[in-house]
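Student: Mind having a look at this structure? Questions to follow.
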Amino acid sequence: MISNIPFDYPPGEHETEKASYSYLMSLIAAIAGLPLPIINLLATAFFYLANKKSTYFVRWHCTQALLSQISLLFVNSYGFWWTISIIFTKEEISNHYIAYLITAFMFNIIEFIVTIYTAIQTRKGIHVQWWFYGSLTNLICKP
Amino acid sequence: MKKTSIQGLSIVFLFVSMLFLCNQINWMQLFSIKATTAKTEEKLGELFWGIYQKAEKQNDKKFANQVLDSLVNQLCKNNKIKRATIKLHIITKNEVNAFALPNGHLVVYTGLIANCKNQEELSGVIAHEIAHIESNHVMSKLTKEIGLTMLISMTTGNTGAESIKNAIKLLSSSAFDRKLEKEADIKAVDYLCNAKINPEAFANFLYRLAEEENSTSKYLSWISTHPESKNRAEYIIAYSKNKKIKYKSILTKSTWLALKNNLAN
């Protein structure tokens, strides 16, 4: 799912720090912004915009972090509004609902672990490319 | 680009597969969700009714109970509703009111029976309240207004009688939201039609009480808690218009009159 690939150039100390922050940003926001799933996306998006004119390494990792948050937003928002409708409308807890929550939770846990791992590796200057998100970032983010 | 698309699709596939696998497990049974919900409602029903019956005077005339029972029996029998799930209580009070408490407790005031011109009108109101019970509107309203945590703490005895009284007041003197009221009205028309009771009488009852509302509003709790009665009467008429059913009476005319006399004395 994730692979360590040599980057185009060896990133500097200040770059690895910023790139690592882009992942940490989503984690901190996820803890602070619970249960609203949009908070972590907004935090990552702001960090991405702030570093839009930064070096290629930083931009690349900001983009990867942002893309992963966008897909999680859809998964979590659906679960969030489903929960809201159970609390405030006639909708009842069902087997489908619990199955969806467990699936969404598993995906969030996987993303959480991968994000922590990537933040640590990026800080060390190791370029970590995720399955799908890495390829997508390569298409969007150019040197 | 092709590689990225394949990778993207494989993530979607992984998500759908995981969802499919999770769906195969009966989580509701595993976590005993339905049993817990039913138990909470059962406890709340007994708790609410226990407090309510102490504060009000229950009608002790056997005849009135038997007559109303036969109306409820017919509605239940013709709509495949388990009769034991509906617990009918008649309260001696002049207010025109009927409401449902948790766990199928259906409360009818003698004032409502006195105000109904015929058995079809009364059947309409009873059918409407049974529809609320069967559609689980009572627990939905309580959960929405009071909160599930508060309801559960009521069942464990961690709240005072005052909060339970307030919850009963909420059910007896405030309407469900418009969508739920309409749902109960339409369901009531179906119940009436299945039992071959003319639903037009239910609409007439709403029309009449809406007109009387301004003059004697203090006795018309049921109508003041069920707003826009004229509008409701109109859609009841519209919904039941094209049903070609040969209606019949459940009670004989003399039984109906005897019921009215019985309660008047």
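The values are calculated or read from the model by the stated rules, or taken from the named source; none is laboratory data. Values in this document were obtained by computation on a predicted structure and should not be read as measured data. Here the Cβ is made from the backbone with ideal geometry for all residues, glycine too, and neighbour counts use every protein chain on show. All accessible areas refer to the heavy atoms of the entire protein, side chains included, with ligands and DNA or RNA removed. Shrake-Rupley method; radii C 1.70, N 1.55, O 1.52, S 1.80 Å.
Student: Give the residue that is nearest to the chain's Cα centre (by Cα), with candidates limited to residues of region A:103-116 that are polar (S, T, N, Q) and within 14 Å of another protein chain (Cβ to nearest Cβ). Explain how you work it out, then say what you get.
Tutor: Let us first name the residues in region A:103-116 that are polar (S, T, N, Q), namely A:103, A:108, A:115.
With the extra rule that they be within 14 Å of another protein chain (Cβ to nearest Cβ), the set shrinks to A:103, A:108.
Values: A:103: 17, A:108: 9 Å.
Restricting to residues being polar (S, T, N, Q) and within 14 Å of another protein chain (Cβ to nearest Cβ), the top hit is A:108.
Student: What about residue B:24, is it at pLDDT 90 or above and more than 14 Å from every other protein chain (Cβ to nearest Cβ)?
Tutor: Here the answer is no, as residue B:24 does not meet what is asked.
Student: Can you name every residue in region A:82-96 that is farther than 15 Å from residue B:179 by Cα and open to solvent by less than 80 Å² (accessible area, probe 1.4 Å)?
Tutor: Filtering region A:82-96 for residues farther than 15 Å from residue B:179 by Cα gives A:82-84, A:86-87, A:92-96.
If the condition is that a residue be farther than 15 Å from residue B:179 by Cα and open to solvent by less than 80 Å² (accessible area, probe 1.4 Å), then A:82, A:83, A:84, A:86, A:93, A:94, A:95 are the ones that fit.
Student: Among the residues in region A:94-114, are any in contact (Cβ under 8 Å) with a residue 60 or more places away in the chain, in a strand (DSSP E or B) and aliphatic (A, V, I, L, M)?
Tutor: Within region A:94-114, not a single residue is in contact (Cβ under 8 Å) with a residue 60 or more places away in the chain, in a strand (DSSP E or B) and aliphatic (A, V, I, L, M).
Student: Residue B:40 fails exactly one of the following numbered conditions: (1) open to solvent by 40 Å² or more (accessible area, probe 1.4 Å); (2) within 14 Å of another protein chain (Cβ to nearest Cβ); (3) touching a residue at least 24 places away in the same chain (Cβ under 8 Å). What is the number of that condition?
Tutor: Of (1) open to solvent by 40 Å² or more (accessible area, probe 1.4 Å); (2) within 14 Å of another protein chain (Cβ to nearest Cβ); (3) touching a residue at least 24 places away in the same chain (Cβ under 8 Å), only one is false for residue B:40: (1).
Student: Considering every residue within region B:93-105, establish whether at least one is in contact (Cβ under 8 Å) with a residue 60 or more places away in the chain and part of a helix (DSSP H, G or I). Before you say what the answer is, go through the steps one by one.
Tutor: So the first thing to find is which residues in region B:93-105 are in contact (Cβ under 8 Å) with a residue 60 or more places away in the chain, and the list is B:94-103, B:105.
Retained after the next criterion (residues that are part of a helix (DSSP H, G or I)): B:102-103.
Yes; the residues of region B:93-105 include at least one that is in contact (Cβ under 8 Å) with a residue 60 or more places away in the chain and part of a helix (DSSP H, G or I).
Student: While we're on this one: Could you tell me which residue of region A:43-60 is least open to solvent (accessible area, probe 1.4 Å), considering only residues that are over 14 Å from residue A:143 (Cβ atoms) and assigned to a helix (DSSP H, G or I)?
Tutor: A:44
Student: Under 8 Å between Cβ atoms, at least 6 apart or on separate chains: pull out the pairs that start in region A:66-89 with a residue that is within 12 Å of another protein chain (Cβ to nearest Cβ) and end on any residue that is open to solvent by less than 30 Å² (accessible area, probe 1.4 Å) and hydroxyl-bearing (Ser, Thr, Tyr).
Tutor: So the pair list comes out as A:67/A:137; A:68/A:26; A:68/A:115; A:78/A:100; A:79/A:100; A:86/A:97; A:89/B:140.
Student: Tell me which of these residue A:63 doesn't satisfy, since it passes every other one: (1) over 30 Å from residue B:151 (Cβ atoms); (2) without any contact (Cβ under 8 Å) to a residue 24 or more places away in the chain.
Tutor: In the conditions (1) over 30 Å from residue B:151 (Cβ atoms); (2) without any contact (Cβ under 8 Å) to a residue 24 or more places away in the chain, residue A:63 misses (2) alone.
Student: Can you pull out every residue in region B:147-192 that is away from every other protein chain (no Cβ under 14 Å), open to solvent by 60 Å² or more (accessible area, probe 1.4 Å) and under 30 Å from residue B:228 (Cα atoms)?
Tutor: The answer is B:165, B:166, B:169, B:173.
Student: Something else: For region A:117-136, check the following and say yes or no: at least one residue is more than 11 Å from chain B (Cβ to nearest Cβ), at pLDDT 90 or above, open to solvent by 70 Å² or more (accessible area, probe 1.4 Å) and within 13 Å of the chain's Cα centre (by Cα).
Tutor: yes
Student: Determine whether residue B:131 is assigned by TED's automatic domain parsing to the domain that holds residue B:195, of a type in the set (Gly, Ala, Ser) and closer than 20 Å to residue B:196 by Cα.
Tutor: When the stated conditions are applied, residue B:131 passes them.
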